[in-house]
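Quick note: the coordinates plus some simple rules give every number you see, no bench work behind them. What you are looking at is a predicted structure, and each value in this text was computed from that prediction instead of being measured. Note that each Cβ is placed from the backbone with ideal geometry, even for glycine, and that neighbours are counted across all protein chains shown.
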Amino acid sequence: MSAITLRNVSKRFGDVVIIPGLDLDIRDGEFVVFVGPSGCGKSTLLRLIAGLEDVSGGAISIDGRDVTETPPARRGLAMVFQSYALYPHMSVGANIAFPLKMAGMDKAQIEKKVQGAAATLNLTDYLHRKPRELSGGQRQRVAIGRAIVREPNGFLFDEPLSNLDAALRVNMRLEISELHQQLKTTMIYVTHDQVEAMTMADKIVVLNRGRVEQVGSPLELYEHPDNLFVAGFIGSPKMNLVTGPFAERNGARTVGIRPEHLLIDRSGGELTGTAGVSEHLGSDTFIHIRLDDGQSLTARAPGEFRLNHGERVGLTPEAGRLHRFDEKGAAIR
Amino acid sequence: MARGISPTRKIGMTVLAWAVGFLIFFPILWTVLTSFKTELDAIAIPPKFLVFDWTTENYAAIQEQRNYFSFLMNSIYLSLGSTALGLLIAIPAAWAMAFSPTKRTKDVLLWMLSTKMMPAVGALVPITILFRNFGLLDSRIGLIVILCLINLPIIVWMLYTYFKEIPGEILEAARMDGASLVKEITQVLTPMALPGIASTILLNVILAWNEAFWTLLLTTTNAAPLSAFIASFSSPQGNFYAKLSAASTLAIAPILIIGWFSQKQLVRGLTFGAVK
Amino acid sequence: MATLHTKSAARAMMAPAVIALFVWMIVPLALTLWFSTLRYSFYGIDTPFVGFENYTYFLTDPRFLSAFQNTLILVLGVLFVTVVGGTLIALLLDQAFFGQSAVRLLVLAPFFVMPTVAALVWKNMMMNPVYGVISQVLAALGLPPVDWLNNYPLLSIIIIVAWQWLPFATLILLTSLQSLSEDQKEAAEMDGAGPLSIFFYITLPHMKRAITVVILIQTIFILSIYAEIFVTTGGGTSSSNLTFFIATLIQLDGDVGTASAGGIVAVILANIVSIFLVRLVGKNLEA
């Protein structure tokens, strides 16, 4: 069981500062997602926790034990890599057994554990195949199998779904969430996809340029973004950010309104503009609107919503759903 | 080749290409043919191409007369020994350079390449004297070390280019799984790089087998390999052509076959990975 | 991409190779340098210090000049034959014809023939003035036989060495040729380039790197040609290269001092060539 604590952890490569110094507390059994645009340092952070990279400063501890200098194998963590990193010359069974073999476990016990993991992950029929004979999703499961047999104190996932196609990704997302429900082990999951973050996490850590922008539950981040970066990053379609007189009327430099919180009225509203392209998804309609002062907004209407290109519309934000930000981009509460 | 090629052109090219191939291969073909002739047929005028009394007496004679077997064994010892020693030194070095590179890695590699350019005669005098003083002249072990050293840069380079193609994440996975450094190299890296290691072995065996500077200058009988054995045919004038051919055929056959199998990897090895 | 732990491990792993090659490079060189200042012979008793005497002796030896010339002619001659011949054969093998892989094997074969065998086969069965195949062919054409090794020793050795290295050049150049995308040639064709323009403006520039590599590697090996000379002519001013001449000094004359001075001269000359070549290949490897 493990709580992971980072205190003032920093990382430089030569003169390039990736992480300037960061604190983070991960509680035992939590599913934490590191999310951020590429190059934000989220994978580096994960590799620091794994022990695959040395920290340049600060300390990492697991359950109160300082592991800053501990080699990766002795941190009790298992990792699932983006490329799965399966051993191509070993069968699926041997891949899953490898960490147990390295730990010096006896053969009968290894066999039992491998069978158990294979059963959980629907891999029993594939144990004798080589990784190259498997589909992407199966390879992913082998990588997970290799991680769970060790019964680690925590799992680290490095963008594990980015090599899968969209349909499979949704499936694997559910499987990983299900696994977390069963094992109740700490999991740290890195992704650049905010949908993955929102659907899986107990706690999301939004990273930008090596700094933590906000930590919170998916709903907290959605409802109360701390700053413009988080506001723009979480939610799909993106939050509309409006500046100018409308913002000033609300006592802010910038106001944010999520597309789903805009009411469309042909007869007028607090904001007025001209309808552009409408995207009809069936369940929803996304309407792109150009305001009279030139700013663009997206509004989301439930179900089918007909609006002609070029038609005049009025928009009114739902009460209490307005996000206000000051000149530094921080939320005004 | 998106377009169709006219049949006449293809046939013309076929004739030309086969003619060139035949011409280049001819000395080898002639040697093999001569090795099955009697000594008289071997120097017949005009030469006999295929119609002669085929005989294997030369092969029998070679193996009896000139203790051919001990030369053969030396060739095997020297090429396998120097290759094994080379791999032992080169695999860890190539691992380090491929997976834990520093700013200087490239310089180290180029420096290794440059040791290959040191002319052998620059080292000949002291090596001869050291070998004389330490009783290493005409010893297999001394020659194994020398052959290993002259081919070490090639082995390191070749392994390095093969290792570079293995994703580092797999080695990191092994590290996470609790593999020690030795196990990471022996149980994960080596089996994965096996095809590359195999072609490195083949190339090095070829180079060591055919080496004919140090082997000629540092051996007389005990450690002399086949290249020295063949050279001994050059001394008495009025050679026995058929026997010379038989000995030559025996000396080149194994390497020719290995070489033909490893031709693709050869390009990469001999160009230090610059051409693939 | 790694931790301090793996970095220090990496250094330890590289140590044997680096140390072995360093010793291999430095110790013989230092000893050669030292011996080159001594009057040191296998047949003498004392080894007094004589300064540069050995160098003067070596450099003024008429055999040095001829060996130097022979080395140059040998290297340049073989490079010329193999690069030009190799390019032509590579272009031929790149065409569509029946039995491509079989012809490739035939063309490649000489590379695997050990130098002593190559030299002896050519000397006795190809170039012998009486029984050699070449003379027989000339006789059949009504031409007089040629005593290759006696009359044209250096040319004969160039032919033999070029025969051995032609496959290497061909193989490398062919590999490079095949990596040229068909699209590029077709685009040039669309732009109105003829076969010759395509060769000079598209194919040849593409092969530049491969040609550089061929020249580099072959120079390294051809500078130290020994066995071919040993087996065919056995030396002499008309065919000895520097390597052979210096080897003779120690093997036959037992003159350690002069041979060492010669070794140092050879190292200096090779370094001049290699500084140039390593730069070239280093630059090409970056790309």
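For the pair the stretch A:25-93 and the stretch C:135-202, the centres of their Cα atoms are 57 angstrom apart.
Is it possible to state the helix-based mean residue ellipticity at 222 nm for chain B, with each DSSP H run of 4+ residues giving -39500 (n - 2.57), the sum divided by total residues, to the nearest 500 deg cm²/dmol? What is it?
-22500 deg cm²/dmol
Backbone geometry of the stretch C:220-228 corresponds, through the Karplus equation with coefficients 6.51, -1.76 and 1.60 at θ = phi - 60°, to 3J(HN,Hα) couplings of 3, 6, 6, 4, 10, 4, 9, 4, 4 Hz, x marking Gly and Pro. Its residue count N fixes a reference of 2.2 N^0.38 Å for the protein assembly as shown, and the Cα radius of gyration divided by that reference is 1.25. Inter-part distance, the stretch A:150-177 to the stretch B:163-199, computed on C-alpha centroids, equals 24 Å. Three principal axis extents describe the C-alpha atoms of the stretch B:1-145; from largest down they are 60, 59, 26 Å.
Shape summary of chain C, radius of gyration then Dmax from alpha carbon positions: 23.7, 78 Å.
As an exercise, use a Förster radius of 60 Å and the Cβ-Cβ distance of C:ASP147 and C:ALA15 to find the FRET efficiency, rounded to the nearest 0.05. It would help to have the intermediate numbers written out before the result.
Numbers: r = 55 Å, r/R0 = 0.92.
Efficiency, rounded to the nearest 0.05: 0.60.
In the frame of its principal axes, the stretch C:3-105 has Cα extents of 69, 58, 22 Å, reported largest first. Note on the stretch C:1-70 and the stretch B:30-82: Cα centroid distance 40 Å, given to the nearest whole angstrom.
One chain, two ends: A:ASP28 and A:GLU270. Fully extended at 0.36 nm per residue, the span grows by 82.4 nm beyond their Cα-Cα distance. Across all Cα pairs in the stretch A:40-104, the calculated P(r) in 10 Å bins from zero up to the longest distance comes to 18, 43, 30, 9, 0 percent per bin. Can you tell me, using C-alpha contacts under 8 Å and at least 6 residues apart, the relative contact order of the stretch B:66-270 as a whole percent? About 34 percent, as a whole number.
Please state the Cα pair-distance histogram of the stretch B:7-59 with 10 angstrom bins from zero: what percent is in each bin? With 10 Å bins starting at 0, P(r) equals 23, 36, 23, 15, 3.
I'm checking a number: the convex hull volume of the Cα atoms of chain B, normalised per residue, in Å³. What is it? List each step's numbers first, then the result.
Values: hull volume 55.0 nm³, N = 276.
Enclosed volume per residue, from the Cα hull, is 199 Å³.
Spin-label model, A:LEU281 to C:VAL133: label points 7 Å out along the Cα-to-beta-carbon direction sit 7.7 nm apart. Scaled to the globular estimate 2.2 N^0.38 Å, the Cα spread of the stretch C:137-220, given as radius of gyration, is 1.61. The distance between label points at A:ASP63 and B:ALA19 comes to 8.2 nm (points 7 Å beyond Cα on the Cα→Cβ vector).
With viscosity set to 1.567 mPa s at 4 °C, what whole-number translational diffusion coefficient in µm²/s follows for the stretch A:237-325 from Stokes-Einstein and a Kirkwood radius over Cα pairs? D = 100 µm²/s. With Cα atoms as the point set, the stretch A:4-232 shows a radius of gyration and Dmax of 17.7, 56 Å.
Would you please give the FRET efficiency between A:ARG132 and C:GLU186, computed as 1/(1 + (r/R0)^6) with r the Cβ-Cβ distance and R0 = 45 Å, to the nearest 0.05? Once rounded, the FRET efficiency stands at 0.85.
Net charge near A:ILE148, counting Lys/Arg +1 and Asp/Glu -1 over other residues with Cβ under 13 Å of its Cβ?
On the way: positive: A:LYS113, A:ARG141, A:ARG146, A:ARG150, A:LYS184; negative: A:GLU151, A:GLU175, A:GLU178, B:ASP177.
Surrounding charge for A:ILE148 is +1.
Which FRET efficiency value, to the nearest 0.05, is calculated for B:GLN63 and C:LEU252 with the Förster distance at 25 angstrom and r the Cβ-Cβ distance? Efficiency computed from Cβ-Cβ geometry: 0.20. Per residue, the convex hull spanned by the alpha carbons of the stretch C:160-207 comes to 67 Å³. Its alpha carbons give the stretch A:1-84 an Rg and a Dmax of 12.4, 37 Å. If you sort the three axes of the alpha carbon gyration tensor as a ≥ b ≥ c, you get a/c of 1.5 or more for the stretch C:153-287 and a/b above b/c, which makes it prolate.
In the stretch B:64-103, whose amide N lies under 19 Å from the spot 7 Å out along Cα-to-Cβ of B:VAL182? List them in ranges. Inside the label zone: B:85, B:87-96.
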